[in-house]
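Here the structure comes first, spelled out in structure tokens, and everything after it is commentary.
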Amino acid sequence: MVLVKGFMVPLKSVKKCQPSSTVEEVLDLMMESHISCLVIVVNERPTGIVTKTDMCWCYRNKIPLDSQVGDIMPWTAGIKKIRDNIDRDAAAKFFEKHHVHHALVVNENEVPVGLISALDIASEVAKDARAWPWIRNESGRVEMPSK
């Protein structure tokens, strides 16, 4: 089974914003980058995730585009974290249990190492379906099953 660290987005590649970023800046970055969330960071430390769903909430509640996301988002409540050494199915169960679509990936020392989304998990399921009858190892490489 493939582990989360085999298909997560590495933290260095994750798009980020500050609590002082405006709703308009967040929307622009999401649209330009074709992504569904940004990680909110304070002093280079991830503290929250702002999503397209959050931006829809802003639109529905007529939040001005120049509002800072830190003033309107519950980013101080924390961020859902998932370990990098759990398998894909355990990650899916985590998402279902916590009713989230994104989570910060941390290593055994609780150091952030990446981001994972429900779409990442679904993509991994699709890869397994296409790889049959071969198997994929923990790093995601396809190999012949051993006899």
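Name the one entry in T47, T22 that is in contact (Cβ under 8 Å) with a residue 12 or more places away in the chain and more than 17 Å from E110 (Cα to Cα). Outline the logic, then answer.
On the way: T47 fails: more than 17 Å from E110 (Cα to Cα).
After ruling out the rest, the residue left standing is T22.
Tally up the residues in region 12-45 that are open to solvent by less than 40 Å² (accessible area, probe 1.4 Å) and under 13 Å from G70 (Cα atoms), please.
Here is the first cut: in region 12-45, the residues open to solvent by less than 40 Å² (accessible area, probe 1.4 Å) are 14, 17, 19, 21-23, 26, 30, 33, 37-41.
With under 13 Å from G70 (Cα atoms) added as a condition, the list becomes 17, 19, 21-23, 26, 38-41.
Total meeting the criteria: 10.
Counting just the residues of region 47-106 that are exposed (fewer than 15 other Cβ atoms within 10 Å of the Cβ), over 21 Å from G6 (Cα atoms) and among the charged types (D, E, K, R), which one comes out nearest to the chain's Cα centre (by Cα)?
My answer is K97.
From V41, V26, V14, V69, which residue is in contact with a helix residue (DSSP H, G or I) (Cβ under 8 Å, 6 or more places away or on another chain) and within 16 Å of L115 (Cβ to Cβ)?
Only one candidate passes the filter, namely V26.
Could you tell me whether K5 is basic (K, R), crowded, with 19+ Cβ neighbours inside 10 Å and under 21 Å from V125 (Cβ atoms)?
Yes: the conditions hold for K5.
Quick one: how many residues across region 116-127 are touching a helix residue (DSSP H, G or I) at 6+ places or on another chain (Cβ under 7 Å) and crowded, with 18+ Cβ neighbours inside 10 Å?
Total meeting the criteria: 3.
Any chance you could count how many residues in region 54-78 are at pLDDT 90 or above, of a type in the set (V, I, T) and not in a loop (DSSP other than H, G, I, E, B)?
Matching residues across region 54-78 total 1.
The values are calculated or read from the model by the stated rules, or taken from the named source; none is laboratory data. Predicted model, so just to flag it, every value in this text is computed and none were measured. Here Cβ is always computed from backbone atoms with ideal geometry, including for glycine, and neighbour counts include all displayed protein chains. We work out accessible area using only protein heavy atoms, side chains counted, and drop any ligands, DNA or RNA first. Shrake-Rupley method; radii C 1.70, N 1.55, O 1.52, S 1.80 Å.
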